[in-house]
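Below is one structure, written out as structure tokens, with a few remarks after it.
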Amino acid sequence: MTRRGENRPAGGVAKAPWAGVRLHVVTGKGGAGKTTVASALAIALAGSGRRVLLVEVEERQGLAQVLDVAPLSYEEQPVATGPGGGKVLAMAVDPHEALMEYLALYTKIRRAGKTLERIGAVDFATTVAPGLRDVLLTGKIFEAVRRRAKNDFVYDAVVVDAPPTGRITRFLGVSTDVAGLAKVGPIHRQAEAITTLFRSRRTVVHLVTLLEEMPAQETIEAVDALWRAKFPIGGIVINAGRAPMLRHKEVVAVREGAIDSESIGKELSSVGLDNEVTAQLLLDEGNDYAQRLVLERRARRMLHRLDRPIFDLPLIEGGVDVAGVHELAAELRAQGAA
Ligand SMILES: Nc1ncnc2c1ncn2[C@@H]1O[C@H](COP(=O)(O)OP(=O)(O)OP(=O)(O)O)[C@@H](O)[C@H]1O
Ligand SMILES: [Mg+2]
């Protein structure tokens, strides 16, 4: 664990208590890096001989972009190899196909799916009724986690690029509502089994955030909502961080005005630059930067109070390409996330 408030990566500490976990749900504020981190985590978890399924639920083809592969479909397909030679497969859950599969599995009428499709019920269910859409998406995740071939699970882990913090608790909890509506029968049993899995020690919900006040605050609120709904919280991933260029002592010096434009001017003239305006600009910039570091430290302190494992991922200059995702995966492993 990093010391409280300290602005440095928490590298090298084995701190992820999710040995038996089979479902990793990755949420976070919009744009904080959910898709990137879910991809990196799936690769990190694909150790030797392991099979990991990466799941997209938002129909946006975000994973295909990050992993630089053809658009994903309902068919699971290999997309990456882990550091230990494990395999990452990926799929995009299409609620329409999930409903057809569901009807085939759970109804006695073999052609129910086709009939419902003809009368427009499938479109209604998958597009007009958003709650039902989530039932189908979470149902497919549940199926993938539990799928067995012979005596073994097909996947050692399933990683979900999940909806953002504002929607995650409802998304994961949708089956609880269904179980309440259908009081008996196969739908009730299935909904109860999903709720049980999502609240069990086999599941963790990770939160991706940036080191800024608003995303940190949103993370804290999401953790609270998830916790109250009894979903297990995994790690907090602080994404796209930069190593601080000033030490704490220096931040204090800048903020206390111990460094003034005159002393900077002297330093500038000692290297042959003699310009008061430059000195003032540098000082202003230093002040802004010191202020940002103070805010980052505050955000980090807030996140540390959640008392969950914290993982720090660096900002990759120039954006994240496939090599960048592998770099982030290696970082997650080094910090004990997999
Ligand atoms: N560590 C990083 N370093 C540099 N760029 C990053 C990093 N992580 C993510 N990005 C970039 O930030 C952008 C948003 O990332 P990503 O798509 O993973 O976020 P998201 O949370 O899934 O967004 P959305 O809410 O839209 O689904 C992308 O352009 C991605 O390449
Ligand atoms: Mg995304």
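Readers should treat all values here as calculations from the given coordinates under stated rules, not as data from a laboratory. Note that the coordinates shown come from a computational prediction; the quantities given were computed from them, not determined experimentally. As a convention, Cβ positions derive from the backbone with ideal geometry for all residues, glycine included, and neighbour counts pool all protein chains shown.
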### Task
Return the residue satisfying two criteria in turn: it lies in the stretch 14-72 and is more than 16 Å from ligand 1 (Cβ to nearest atom) and in a strand (DSSP E or B), and of such residues it is surrounded by the fewest Cβ atoms within 10 Å (Cβ to Cβ).
51
### Query
Can you name the residue in the stretch 147-170 that is crowded, with 20+ Cβ neighbours inside 10 Å and either among the hydrophobic types (A, V, I, L, M, F, W, C) or part of a strand (DSSP E or B) (or both) and, of all such residues, is nearest to ligand 2 (Cβ to nearest atom)?
161
### Summary
Within the stretch 52-75, the count of residues that are away from ligand 2 (no atom under 16 Å from the Cβ) and more than 26 Å from residue 131 (Cβ to Cβ) comes to 3
### Query
What do you reckon, is residue 202 in contact (Cβ under 8 Å) with a residue 60 or more places away in the chain, of a type in the set (Lys, Arg) and within 16 Å of ligand 1 (Cβ to nearest atom)?
no
